[in-house]
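Q: Could you have a look at this structure, given as structure tokens, before my questions?
Each reported figure results from applying straightforward, stated rules to the coordinates on display, with no laboratory input. Because the structure is a prediction, the values reported are computed rather than measured. Cβ coordinates were reconstructed from backbone atoms using ideal geometry, including for glycine residues, and neighbour counts include every protein chain displayed.
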Amino acid sequence: MDGVIIDSNPVHTQAWLAYLKKFNLVVDNLEQRMFGRRNDELVRELFGEHLTDEEVFSLGAAKEALYRSMMKERLTESLVPGLVEFLSASAHAPAGVATNAEPANVDFVLDGAGIRDRFQAIVDGHQVSRPKPHPEIYLKVANLLQTNPENCIVFEDSYAGAEAARAAGARVVGLKTSHSEFPDVDLAIQDFRDPALVAWIRQQRPRS
């Protein structure tokens, strides 16, 4: 979702910086450390492994509430260019969301953008025991869509997510919203307006 449906990483970075400032914490390479990570992993890394699960949840929830307040007025303009048109053009195909994001953020984006009904399966980071780069989340979405993972096309912006998708057996399209280079994917595009995307999809055939 983040970096694929919505170009949210700049605002997530701003929110983390503002939130960490309250604790007088300065973190090097924050963007690289947060991309593709689930909140509980990142919170423990930033605040310490000694935290209880309740403390981890509380810290993460407070930061995400700050993110939503910062993103609220710019949600629509932050959608990845061409997304809405692409979803409309591919309405005949089943689709799912597989995200490490918090449930409240999933609701915020999908409902705020008015695109929830386009997805028949939605799995967030709290519904799997092993976050990306483990393939569990993609395998679960494929199962909910009643399709073979090998016949799924996954859109990813993070290296961890692309690794998870490949491990699940899916074909992977890398969106360059978070990284300028996206190696080891089937196709790399700037956004959903890229004419290479439609041409590439037309060439795909079932694998099983």
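Q: Using Cβ contacts closer than 10 Å as the measure, can you line up Lys140, Lys72, Lys176 from fewest to most?
A: Result, fewest neighbours first: Lys72, Lys176, Lys140.
Q: Using only the alpha carbon atoms of the stretch 1-112, find the Kirkwood hydrodynamic radius as the inverse mean reciprocal pair distance, in angstroms to one decimal.
A: About 15.1 Å for the stretch 1-112.
Q: Taking Cα centroids, how far is the stretch 100-168 from the stretch 7-34 in Å?
A: 24
Q: Stretched out fully, how many nm does the piece from Ala104 to Ala18 gain, at 0.36 nm a residue minus the Cα gap?
A: 29.0 nm
Q: I need to check one value: relative contact order of the stretch 85-208, counting alpha carbon pairs closer than 8 Å and at least 6 residues apart, in percent.
A: In percent, rounded to a whole number, it is 18.
Q: May I ask you to give the average projected area over all directions of the convex hull of the Cα atoms of the stretch 104-188, in nm² rounded to one decimal?
A: Computed as one quarter of the Cα hull surface, the answer is 5.7 nm².
Q: Ok, one more. Ordered by residue, what ³J(HN,Hα) values in Hz, to whole numbers, does the stretch 50-66 give under the Karplus form 6.51 cos²θ - 1.76 cosθ + 1.60, where θ = phi - 60° and Gly and Pro are x?
A: Each residue of the stretch 50-66 in turn: 6, 5, 7, 4, 5, 5, 4, 4, 5, 5, x, 5, 5, 5, 5, 5, 5 Hz.
Q: Relative contact order, percent, of the chain when contacts are C-alpha pairs under 8 Å separated by at least 6 residues?
A: 21
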